[in-house]
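Written below as structure tokens is the structure these notes are about.
The values are calculated or read from the model by the stated rules, or taken from the named source; none is laboratory data. In this text the structure is predicted, and so the values were computed from the model without any measurement. Virtual Cβ from ideal backbone geometry, glycine too; neighbours counted across all protein chains shown. Heads up: the accessible areas ignore ligands, DNA and RNA and are worked out on the full protein's heavy atoms, side chains in. Shrake-Rupley method; radii C 1.70, N 1.55, O 1.52, S 1.80 Å.
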Amino acid sequence: VDVPKIPDSRGDSDGSRRGSLCDRHCATINNVQGDLGDLGCHLHRPRVPPATSTLCCCQQHSEEVCESCVVKTTLTAENAVEANKLSNNYKFGFKKWKSHVTARPWEDRSEIVKELYSDLNVIRGSGGSTLTCGNVLYLLLFGWWLSLLYVLVAAVMFVTIVGAPYGRLCWDLARYFLWPFGKVIQKVEVPKSHQVCEAGAGESSALLGGPTPRRWRPQCWAGTGYWQRAGAVAWLCLGYPVLALAHGLVCVTAWLLIVLIPVAKLSARSTSRVLLLPPERVLIRRLRMTEVPLEGEVILCCYRATNPYYYKYAVDGINVFAVNLLPLVLVTLVLGYVDSHNHLTGSAVKFTLALLSIMPLSYYIGMAIASISAQSNFAVGAVVNATFGSITELTFYITALIKGSREGNRCYAEVVKSALTGTLVGCVLFVPGLCMVIGGIRHQEQRFNSRSAGVSSALLFLSVGGVFAPTLFSKVYGKLVCGECHNVTQNPLGHYLCHNCHFDLMENNGTLYYSHVQPLVYTVSLLLPAAYLIGLVFTLKTHSHIYDIHISDCHMPGHHHSAVVHWSRWRALVILLLSTLCMSACADLATEHISPILTNSTISQYFIGITVLAMVPELPEIVNGIQFALQNNLSLSIEIGNCIAVQVCMLQIPILVLFTIFYPTNFTLVFSDLHVYASMFSVVLMNYIFMDGKCDYFQGTVLVMVYFILLAVYFFAPSPSGC
């Protein structure tokens, strides 16, 4: 599609030359563009209608060739629902969830993804060698004992006499499950001639013209209905339950290991199909290149026990990792509330389980928010994002403050401050730094939209200055109080060595705090959300050209389809409420069992707050950022960290201050010097790295190393006062 020519002050000829070079460069990249299912960061020429725009991928363009492309970021969506999700989630500065809210058309998926969803019933012409590491792993983990179990069940069925046909089936299945690769199980129709025992032992099969399968022939003696029913009863009472239980164990274990999901499908299909068929209708054979398959339904045909791409597998739009972690939430809740006196496990185990349970719940909350926003108008999307966008962290912080207030322990408030600072520092340094390092390994230099990053950086400067303004105010006007002082020179006018010093804001019945510091805290808590709203107006209305989101259907013909949503609005709302309720319960268990860790641990409470409590809930976002960086889409990776940091300062902290008005706690917006210096230095360093709009793995290494240096400082720092 021709792009309207952009006037150039240096002359039409120069502009035409640049435009044609850029168009050819962009067209070449578009021809090799890969999967559009993932969000892409595309750069294109300014302000053309979305229907006729030519897109350029974020590759290493020469500034001389494609300078006009580097103007703004275009996020590509597959359909209207996905575009609405991006519009209501991305521009709000809330967390990015890579999962789609709509089902992608089957024809648009790659062959690798299609293979993940196959039912293991397709015979391929050449499956290659079956002797692979994954198949050997199956033999060591499942094959040998599963085969032995079938041999034992076969012996039991032979003893019953009436179950002899099922015994022969189990004997054949024992050899099959020892090494099922390159073999096929088919459901065949029994010829009438064999059913009435008119065929002899050497008679040929009418299907293939070859020898008759030997499992058809034994039915000559058991052709009566009585013997068939007796054999089936013996099988369902003695054989099938044991094998179904064994296959269920294999299925669950293989599913949890993810890469062995083909083994889980193999076991599930065997239990539900193979073992419930009459023995004479099951045929097991080894595939050979020269053989023609039987004219029957293929039930099982497996070539590989493992597939490393199953991390992409999704169940009803939910990633397999989130599905596998969901039972962990149930175990945590049952163990936490049933074993309240720690008879089965200790506080450390329950705290760890509660913290790990936050990760899948965060995923479900994010998916529900994205689904509701994608199917709603702008106002509903804004309300849902504003209400539930930070529910994961706020739930934990509020429950910790409530517990600290009830026990009169200031340590919980200090831990919350450490977690807030840890989230800020980690999302400013560690998340973008790690994405730069991993993305820089694949791409020598990565570019990103410096204008959008500049908006987030300006908001970070403003928010950090506002959050720490009460702290700086207290340092200037507060009275320094020390717990213990010693005269070093034995002279009353000499030098004193003091310990445990802090600025006292409660002098003269708290006049300084209640008359000066607290009004400043309330003022800052009102100004920060107002600044955030101004930032939304900037990105949504007045300068929306920084982010250009439209439906792109120029790359693949399959995009003209009606969007099929995974979760309806009501279903997403129910999941959102249930996940929030479970999140509150897990946060309550975490705060309930963190007290022994804080009191008995030799590690500083600062370190526990800025590492475990701050970064574990953000693990899904770190994984998303790494995936975007590997796709050479560093803009989204950077925005993930920046947006979380902006949330901490401009939304989460003001909400905590508002909560303390209605429920008095020990939380005050006065941080330690270490928190102030670490946060300000991190924001300054990040802004310096992001100035030129390009980066490499060395700059990412600098950010990661600075983050680990700050972790070392917190690790060796003494515990805060009151802990």
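Details
- The protection proxy used here, the mean number of other Cβ atoms lying within 10 Å of each residue, ranks peptides 696-707, 415-426, 564-575 as follows, highest first: 415-426, 696-707, 564-575.
- Loop-resident sites, the range 122-183, for trypsin sites (Lys or Arg not before Pro), counting at most 14 other Cβ within 10 Å (DSSP): R124
- Isotropic mean projected area of the C-alpha convex hull, the range 322-471 (nm²): 13.5 nm²
- Nearest-10 value in Å² for the accessible area of C133, using the 1.4 Å probe: 120 Å²
- Fully extended contour minus Cα-Cα distance, from W106 to L140, at 0.36 nm per residue: 8.7 nm
- Listed peptides 309-319, 105-115, 433-443, 238-248 by packing density, highest first (mean Cβ within 10 Å): 433-443, 238-248, 309-319, 105-115
- Convex hull projection area averaged over all views, the range 554-666, Cα basis, nm²: 11.7 nm²
- C-alpha center-to-center spacing [the range 641-680, the range 391-451] in angstrom: 12 Å
- Its residue count N fixes a reference of 2.2 N^0.38 Å for the range 394-477, and the Cα radius of gyration divided by that reference is 1.51.
- A simple count of charges around K417, restricted to other residues whose Cβ falls under 14 Å of its Cβ and scoring Lys, Arg +1 and Asp, Glu -1, yields -2.
- Our note on the geometry: Cα centres of the range 291-345 and the range 613-636, 24 Å apart.
- Proximal charge balance of C301 [Cβ under 9 Å; K/R count +1, D/E count -1]: +2
- A viscosity of 1.567 mPa s and a temperature of 4 °C, combined with the Kirkwood radius over C-alpha pairs in the Stokes-Einstein formula, give the range 658-723 a diffusion coefficient of 88 µm²/s.
- Shape box of the range 109-184 [Cα atoms, principal axes, largest first, Å]: 51, 24, 19
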